[in-house]
Amino acid sequence: MTDSKPIRILGVGNVLCTDDGLGPYTIKVLESLYEFPEGIEVIDLGTPGMDLTPYLADARMVIVIDTVRGDEAPGTLRLLRDREIVATPPPDRMSPHEPGLREALMATEFSDCSPDEILFVGVIPESTGQGTSLTTPLMGAVPDVVAAVVAELERLQSPAVLRDPPGELDVWWG
């Protein structure tokens, strides 16, 4: 990597609300399967609200993993890039704790510290009720989310390296 700015992979969500735990769960999967080059930060943010803004600031690339409402079937992957996130009406929020990615991005623009690029990897949930396990459609979507993140890192010429053997999946809440 030639750029000194970090690449950040951010998992967002509440692990106590079934499918809303997609972001943190996917971060744990990524950490168990891959080693990341220097300059890549892989972070489970939980439910940051507007505290998301510092994680977007001054980054080469930010990849945000979260659930998002939509009309598609549960488990459907939705990818949004850069200006699409700010230019399109925001998707319905899952709950009041959501990060407000659009709002956080706009805050970085006002302070002139926006990330160079951003990719939102969203998945349509089946349930966000109480529970600590992902539903079947969301578990089925995790490999696609992981593949999208790995492909993005390859595009950025900062590929993740598969662990051999894979590490233990450290999901404390499951």
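Tabulated results
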item: Condition broken by ILE27, with the remaining ones in (1) at pLDDT below 90; (2) among the β-branched types (Val, Ile, Thr); (3) touching a strand residue (DSSP E or B) at 6+ places or on another chain (Cβ under 7 Å) satisfied; result: (1)
item: Verdict on GLU35 being in contact (Cβ under 8 Å) with a residue 60 or more places away in the chain, of a type outside the set (Lys, Arg), open to solvent by 20 Å² or more (accessible area, probe 1.4 Å) and closer than 20 Å to GLY174 by Cβ; result: no
item: Lone qualifier among THR108, THR128 - being assigned to a helix (DSSP H, G or I), in contact (Cβ under 8 Å) with a residue 40 or more places away in the chain, surrounded by 13 or more Cβ atoms within 10 Å (Cβ to Cβ) and hydroxyl-bearing (Ser, Thr, Tyr); result: THR108
item: Unique residue being open to solvent by less than 10 Å² (accessible area, probe 1.4 Å), of a type outside the set (Ser, Thr, Tyr) and modelled with pLDDT of 90 or more when the list is VAL171, VAL150, VAL161, VAL121; result: VAL121
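The values are calculated or read from the model by the stated rules, or taken from the named source; none is laboratory data. Source: prediction; values computed, not measured. Cβ: placed from backbone, ideal geometry, glycine included. Neighbour counts: every protein chain shown. Side chains are part of the model used for accessible areas, which takes the heavy atoms of the whole protein and leaves out ligands, DNA and RNA. Shrake-Rupley method; radii C 1.70, N 1.55, O 1.52, S 1.80 Å.
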